[in-house]
Amino acid sequence: MRTYNELSLDERVEMQRRLEAGDSLRAIARSLGRAASTISRERRRAPSGVTYLAQAAQGRARLCRRKPRVPRKLDDPALREVVHELLFARWSPQQIAGILARAFPDRADYRVSHETIYGAIYVTPRGDLR
């Protein structure tokens with residue numbers, strides 16, 4: 001299984017130069033020894049309508065690398081109660097995640113993944129939600 005290695009600044013500079021020259025993403029990927037999807041994904045990360053800038057991309061990558069994603073918890077007592085009731089009604093975490101998204105479209109804090117719900121189930125003894 002391959003592991004993901006971030007693009008280096010040198011690779012980003014080469015990518016910028018080749019994009020400015022009009023090379024295709026596949027040609028750039030071949031020259032860098034990277035998958036075309038890696039180059040495409042890197043290109044899409046730049047703001048739309050803006051030419052790709054290697055230095056800016058490197059800065060964004062550095063910022064993203066420094067900010068680890070904080071796992072969600074069921075901290076809101078009202079949300080926890082809704083999830084708790086649905087679990088006891090024998091709904092699956094997938095069903096609960098789906099119904100919450102549809103029932104509360106304007107409440108981003110009520111959009112939780114089924115993994116978050118499973119995490120809440122397994123983190124405490126006897127399946128009680130935390």
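What follows is calculated from the coordinates using simple rules that are stated; it is not laboratory data. This one's a predicted model, so the numbers in the text were calculated from it and none came from an experiment. Here the Cβ positions follow ideal geometry from the backbone for every residue, glycine too, while neighbour counts run over all protein chains shown.
When only the Cβ of Lys, Arg, Asp and Glu is charged (+1, +1, -1, -1), the dipole of the chain relative to its Cα centre reaches about 360 debye.
Our summary gives segment 9-66 a relative contact order of 40 percent, counting only alpha carbon pairs under 8 angstrom and 6 or more residues apart. Counting other Cβ atoms within 10 Å as a rough exposure proxy, the listed residues Tyr52, Tyr122, Tyr110 run Tyr122, Tyr110, Tyr52 from fewest neighbours to most. The phi torsions of segment 23-30, fed into the Karplus equation with coefficients 6.51, -1.76 and 1.60 and a -60° offset, translate into couplings of 5, 6, 5, 5, 5, 5, 4, 4 Hz, rounded to whole numbers, with Gly and Pro shown as x.
Given a Förster radius of 41 Å and the C-beta distance between Tyr122 and Arg26 as r, what FRET efficiency does 1/(1 + (r/R0)^6) yield to the nearest 0.05? Intermediate results must be reported in sequence, preceding the final value.
Details: r = 44 Å, r/R0 = 1.06.
Plugging the Cβ-Cβ distance into 1/(1 + (r/R0)^6) gives 0.40.
Using the 10 angstrom Cβ neighbour count as an exposure proxy, how do Thr51, Thr116 rank, fewest first? Each step should come with its number before you reach the end.
Details: Thr51 10, Thr116 18.
Ranking Thr51, Thr116 by Cβ neighbours within 10 Å, fewest first, gives Thr51, Thr116.
Think of segment 9-66 as having a plus end and a minus end, set by charges on the Cβ of Lys, Arg, Asp and Glu; of Leu63, Ala21, Ser37, Leu63 sits farthest toward the positive end of this dipole. Taken about its Cα centre, segment 9-66 carries a charge dipole of about 320 debye when Lys and Arg each add +1 at the Cβ and Asp and Glu each add -1 at the Cβ.
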